[in-house]
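The structure appears right after this line, and notes come after that.
Derivation of every value follows stated rules applied to the coordinates shown; laboratory data play no part. Predicted, not measured: the structure shown is a model, and the values here were computed from it. Cβ: placed from backbone, ideal geometry, glycine included. Neighbour counts: every protein chain shown.
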Amino acid sequence: MLKAAGGKSEEVGLITGMCAISVNHWVDRYKSEGIAGLQTKPGRGRKPLLSQVEDKEAILSAIKANRQRMRTAKAQWEAESGEKVGDTTFKAFLKTLADDIIG
């Protein structure tokens with residue numbers, strides 16, 4: 001909208017926190033694809049280390065076997081799956097599982 005109002009790419013970049021090149025890329029995407037061109041496309045970004053579909057049951061099983069010991073449950077799951085994740089990643093995954101159960 002700032003570009004449509006006659007703003008220069010450098011000015012729009014300063015307002016939006018982007019460089020002029022990024023502003024021009026966004027404008028080009030809008031011109032070629034319309035509003036749909038501004039949406040984030042699938043496949044972008046880092047892929048999740050844990051999957052709701054693939055890892056949910058194994059992690060729930062490990063948690064049930066070690067209810068009061070998250071690190072023991074994590075170690076059990078890692079030994080069984082052959083995968084490694086950090087404590088923060090494991091806790092975040094457990095939170096999403098709890099949110100699914102509650103919500």
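Some points to look at:
- Mean Cα-pair separation over length for the chain, i.e. relative contact order, pairs under 8 Å, 6 or more apart, %: 13
- Mean residue ellipticity at 222 nm, helices only, the chain: -19500 deg cm²/dmol; runs of at least 4 DSSP H residues each add -39,500 (n - 2.57), and the sum is divided by the number of residues.
- 3J(HN,Hα) along the range 68-77, derived from phi through the Karplus expression 6.51 cos²θ - 1.76 cosθ + 1.60 where θ = phi - 60°, amounts to 9, 10, 4, 5, 5, 4, 4, 4, 5, 4 Hz, with x in place of Gly and Pro.
- Diffusion coefficient, µm² s⁻¹, Stokes-Einstein with Kirkwood Rh over alpha-carbon pairs of the chain at 10 °C and 1.306 mPa s: 92
- Once the Cα atoms are used to define both axes, helix 87-102 deviates from the longest principal axis of the chain by about 90 degrees.
- Alpha carbon Rg of the range 11-51, scaled by the compact-globule rule 2.2 N^0.38 Å: 1.49
- Here Ser32, Ser9 are placed in order of increasing Cβ neighbour count within 10 Å, fewest first, which gives Ser32, Ser9.
- Each Cα pair of the range 52-102 feeds into the Kirkwood radius, which the Stokes-Einstein equation turns, at 4 °C and 1.567 mPa s, into a diffusion coefficient of 119 µm²/s.
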